[in-house]
Amino acid sequence: MPEDGEGRFGYTHASPYAFGYVDLTWLPWLEVNVRLSTFDNIWVDPLGKFNDDGFGRHYMDKAMDLKAMLYRSPGWPIPSLALGVTDVMGTELMKAWYGVATWRWGAFALSLGYGTDRMNGLFGGIAWNVADWLTLKAEYSPMDYSGDAVGNFKPHPGQPSSKYNVGMVLRAPWGTEGSFSRQRGESAKDRKSVV
């Protein structure tokens, strides 16, 4: 969680999902994230009907996420504790409640949590700050995509081929970050919409 008064904005794309977001820590204990989500494979035609034939504009969904820091640990072996909720307004298409504990030890961070609804159970991850400009990450995510639906269309039909994700974060000296990852064990050719 960023420090009090810090924020970030960005764009992330893991087909068929794409998110533009603004993330702010308004108080030392509260993080607020607003985002606009689009789905690569679902369109809205000029008459407002959903389709998967590429006619019209991509379907967009707005959302707000909240995370409260219950306890910020001074260090190992006591974890920091947080509770959060995703998609608390609007369609609530991606809603989930979760709790997470994070242990930090030197250049390593280990997180373990439990989420409801879309988060679908126990999750966890590890991050290693290899250098000031590089962080490596791995996680286990039991995310359930089966409830994601726009009309009769599902952007991610079925379950992912893997529940393990790996990635890296590259940081520039002026505060810009770029991330690269392999998520859900999928490639672009594996993704399609179904009716």
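Would you please give the FRET efficiency between Y21 and W128, computed as 1/(1 + (r/R0)^6) with r the Cβ-Cβ distance and R0 = 30 Å, to the nearest 0.05? Walk me through the intermediate numbers first.
Details: r = 25 Å, r/R0 = 0.82.
According to the calculation, E is roughly 0.75.
Pulled fully out, how much extra length does the chain show between V166 and L66, if you take 0.36 nm times their separation in residues and subtract their Cα-Cα distance? Before the final figure, lay out each step's value.
Working: separation 100, 0.36 × 100 = 36.00 nm, distance 2.48 nm.
Going from the current span to full extension adds 33.5 nm.
Among T25, T176, T102, whose mean-square fluctuation peaks in a Gaussian network model of the chain (Cα, cutoff 10 Å)?
Highest fluctuation among the options: T176.
Compute the Rg/Rh shape ratio of the chain: radius of gyration over Kirkwood radius, all on alpha-carbon atoms. Write out the running numbers ahead of the final one.
Numbers: Rg = 17.7 Å, Rh = 18.1 Å.
Rounded to two decimals, Rg over Rh is 0.97.
Eight or more residues apart or on different chains, and alpha-carbon atoms under 30 Å: count the Lys pairs in the chain matching that.
So the count of such lysine pairs works out to 29.
With labels modelled as points extended 7 Å from the Cα through the Cβ direction, what inter-label distance (nm, one decimal) is found for V32 paired with F180?
So the label points at V32 and F180 sit 3.6 nm apart.
Highest GNM mean-square fluctuation, the chain, Cα pairs closer than 10 Å: which of A14, A107, A63?
Ranking A14, A107, A63 by mean-square fluctuation puts A107 first.
Bear in mind that the values in this text are calculations on the coordinates, not laboratory data. None of the values given here were measured: they were computed from a predicted structure. Neighbour counts run over all protein chains shown; Cβ positions are idealised from the backbone, glycine included.
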